[in-house]
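Q: Handing you a structure now.
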Amino acid sequence: MSRYPAQIATERLILRPPAPEDAAGVLNAVTASYAELHRWMSWARTGFKIDEARTFCADARSRFDQGHDFIALLTLPAEREIIGCASLLSRDPRVPSFELTYWLHSEFVGCGYVTEAARALATFAFDSLFAGRVEIRMDGNNRRSWAVAERLGFEWEATLKAYRRNNRGELSDWRIYAMFNGGDLSAARHAGRSQTVLGSN
Ligand SMILES: CC(C)(COP(=O)(O)OP(=O)(O)OC[C@H]1O[C@@H](n2cnc3c(N)ncnc32)[C@H](O)[C@@H]1OP(=O)(O)O)[C@@H](O)C(=O)NCCC(=O)NCCS
């Protein structure tokens, strides 16, 4: 059984690992959001088709089954539509440390969904996996992304100068935000409590 839950339910969302039949829904969400994803996500550089969606679902599922990473699709309970993705990636098991990553279907930006999902994943990392460190990294110009980290109470730990080239080939600085204790997670409005369902689906 995976060390990750079959799902995490927050006030408004279900977070769950992908199944093979999610490929079409993932493709739909990525296609609808491609302009924004291409701007900030290194994997959205040269297009994203059904084969990439299938590979993503299979890879995420395998990393879930192995208990390595929890790459979770975000869905609204009343609908089947995939509205984004939030992941808890294992970085150094000896700390243990994790990295949070996320993206949203562009139609669902501005509602607090990623803050809600990221809070649930960070809470799981600190409370159930005894994380010593959870970090979030992003392009220094990605204001919406660092706003999520700051809303959650993460500390702006460092800026790495001229760290990466973006998908347009431009050199960019990167910000690193970190948290060391789940008690520091700020309780933003309507955050709700999350509920994990054990089992590997
Ligand atoms: C980064 C990204 C996920 C941020 O999305 P987002 O919708 O701004 O973040 P959230 O879902 O947490 O929503 C926060 C927004 O909802 C508003 N909001 C509404 N209800 C809210 C609630 N209950 N709780 C928190 N925020 C709420 C906030 O005020 C904020 O809006 P504002 O920035 O206009 O003030 C999104 O822009 C994205 O997918 N970008 C492309 C991929 C990407 O850059 N990923 C990060 C790579 S490191």
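The values are calculated or read from the model by the stated rules, or taken from the named source; none is laboratory data. Being a predicted model, the structure only gives us computed values, none of them experimental. Don't worry about glycine lacking a Cβ; one is built from the backbone with ideal geometry, like all the others, and counts go over all protein chains shown.
Q: Residue 83 versus (1) more than 28 Å from residue 151 (Cβ to Cβ); (2) touching a His at 6+ places or on another chain (Cβ under 8 Å): which is the lone unmet condition?
A: Condition (1) is where residue 83 drops out.
Q: Looking at 116, 150, which is the one that is of a type in the set (Asp, Glu), touching a residue at least 24 places away in the same chain (Cβ under 8 Å) and either farther than 26 Å from residue 8 by Cα or surrounded by fewer than 18 Cβ atoms within 10 Å (Cβ to Cβ) (or both)? Don't jump to the end; show me each part of the working.
A: Details: 116 fails: either farther than 26 Å from residue 8 by Cα or surrounded by fewer than 18 Cβ atoms within 10 Å (Cβ to Cβ) (or both).
Only one candidate passes the filter, namely 150.
Q: Look through 61, 12 and report the one residue that is part of a loop (DSSP other than H, G, I, E, B), in contact (Cβ under 8 Å) with a residue 40 or more places away in the chain and of a type in the set (Lys, Arg).
A: Numbers: 61 fails: part of a loop (DSSP other than H, G, I, E, B).
Exactly one residue qualifies, and that residue is 12.
Q: Moving on to the next point. When residues of region 15-46 are filtered for being more than 16 Å from the ligand (Cβ to nearest atom) and either in a loop (DSSP other than H, G, I, E, B) or polar (S, T, N, Q) (or both), how many remain?
A: Residues flagged as more than 16 Å from the ligand (Cβ to nearest atom) and either in a loop (DSSP other than H, G, I, E, B) or polar (S, T, N, Q) (or both) within region 15-46 amount to 4.
Q: Restricting to region 87-107, count the residues that are within 18 Å of residue 30 (Cβ to Cβ), surrounded by 20 or more Cβ atoms within 10 Å (Cβ to Cβ) and more than 10 Å from the ligand (Cβ to nearest atom).
A: Applying the first criterion (within 18 Å of residue 30 (Cβ to Cβ)) to region 87-107 yields 87, 101-107.
Next cut, surrounded by 20 or more Cβ atoms within 10 Å (Cβ to Cβ) only: 87, 102-105.
Filter once more, so that each one left must be more than 10 Å from the ligand (Cβ to nearest atom): 87.
Final tally of qualifying residues: 1.
Q: Out of 192, 110, report the one residue that is within 22 Å of residue 81 (Cα to Cα), at pLDDT below 95 and within 14 Å of the ligand (Cβ to nearest atom).
A: Only one candidate qualifies: 192.
Q: Answer yes if at least one residue in region 123-144 is under 27 Å from residue 57 (Cβ atoms), near the ligand (Cβ under 8 Å from one of its atoms), of a type in the set (S, T, N, Q) and part of a strand (DSSP E or B), and no otherwise.
A: Checking region 123-144: not a single residue is under 27 Å from residue 57 (Cβ atoms), near the ligand (Cβ under 8 Å from one of its atoms), of a type in the set (S, T, N, Q) and part of a strand (DSSP E or B).
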